[in-house]
1. Once you place label points 7 Å from the Cα toward the Cβ at residue B:34 and residue B:68, how far apart are they in nm?
2. For the range B:21-140, would you read off the P(r) tail past 19 Å as a percentage of all alpha carbon pairs?
3. Could you work out, residue by residue across B:146-158, how many beta carbons of other chains sit within 10 Å of that residue's beta carbon, and then give the average as an integer?
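What follows draws every value from the coordinates through simple rules; no lab data is involved. Note that the structure is a prediction, hence the values are computed from the model and not measured. For neighbour counting, all protein chains shown are included, and Cβ atoms are generated from backbone atoms with ideal geometry for every residue, glycine included.
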């Protein structure tokens with residue numbers, strides 16, 4: 001029983017950590033001349049390291065917002081999990097926690113999709129996707145599975 | 001002695017700033033505009049002297065990436081002289097008020113080649129020592145949205161909806177609970193009446209505190225069932 005609890009919490013925390021890393025670390029696309037991400041576009045042109053803030057588009061701001069929202073919802077669902085752990089009736093289901101976690105995973109998915117579709121607008125074509133982008137895609141199924149587990153799980157004594 | 005000191009300090013305070021201040025010129029720092037629109041570049045100055053009749057304003061323009069400036073506007077002797085040969089030919093208009101220390105100009109029909117730095121220099125004789133002030137003009141095809149506006153808007157809307165849903169949920173529960181309470185009170189009242197009619201003889205009226213206790217217990221049970 002305790003093992004199951006630990007496993008679930010670990011899964012949730014892993015998804016949360018992946019979300020944080022993916023949003024904060026600056027490597028959504030990478031090329032030989034530089035890296036770029038949701039917040040800034042850095043490149044080493046002839047002469048030095050040169051960074052542009054991401055004001056160039058409405059879509060990148062939408063991606064920023066959606067990633068931040070997914071982090072917020074995932075944190076909220078972790079907090080709600082601990083709340084419901086102690087206040088739920090025996091046999092009850094963690095509906096609220098599961099809902100928030102599933103919403104967080106949906107936000108990550110939509111953010112990654114928007115980025116994939118619109119990225120030629122703010123990074124030069126031919127750039128490979130970096131590891132933060134991959135982490136975002138990995139965080140999505142983890143969060144989804146975690147949310148579904150919460151919805152199916154029943155509280156035992 | 002004291003009066004002498006007071007007078008001296010007043011005189012010194014009056015003179016010293018004039019000698020060290022000079023004229024201070026204010027323009028904006030940066031201006032953004034759309035192609036084809038007009039823009040008003042404001043220039044005003046501060047000087048300890050009264051505004052003289054020989055006050056002069058002059059604007060010069062330096063394109064982005066160039067080191068040369070050309071003069072595009074000059075106001076002197078009560079008359080304004082605008083550019084009639086250079087890049088701003090027929091596009092500059094004087095909209096300032098020299099009496100109010102305002103030397104602003106209006107530039108019409110902007111183009112991308114107007115990107116650059118505009119410098120305003122004002123002189124208020126005998127107060128002529130001052131530093132000209134510059135304003136940078138940026139001409140856009142469409143005005144870019146500032147970083148973070150859309151981000152903040154999306155986050156705000158979603159969190160606001162969340163808070164709204166929570167509030168509505170608790171409100172509904174509160175209202176439904178109140179309706180259940182009032183319903184159960186009326187049911188209890190009816191049952192007691194019927195019971196008393198069957199028995200015979202007057203029965204003391206139902207104790208309101210007992211009725212309340214019974215109703216709240218019913219409420220608690222229904223809440224537990226819901227969860």
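1. 3.4
2. Numbers: 3052 of 7140 pairs.
So the portion of pairs separated by more than 19 Å is 43 percent.
3. Details: counts 2, 9, 7, 3, 8, 13, 4, 3, 8, 6, 1, 2, 8.
Across B:146-158, the average partner-chain Cβ count within 10 Å equals 6.
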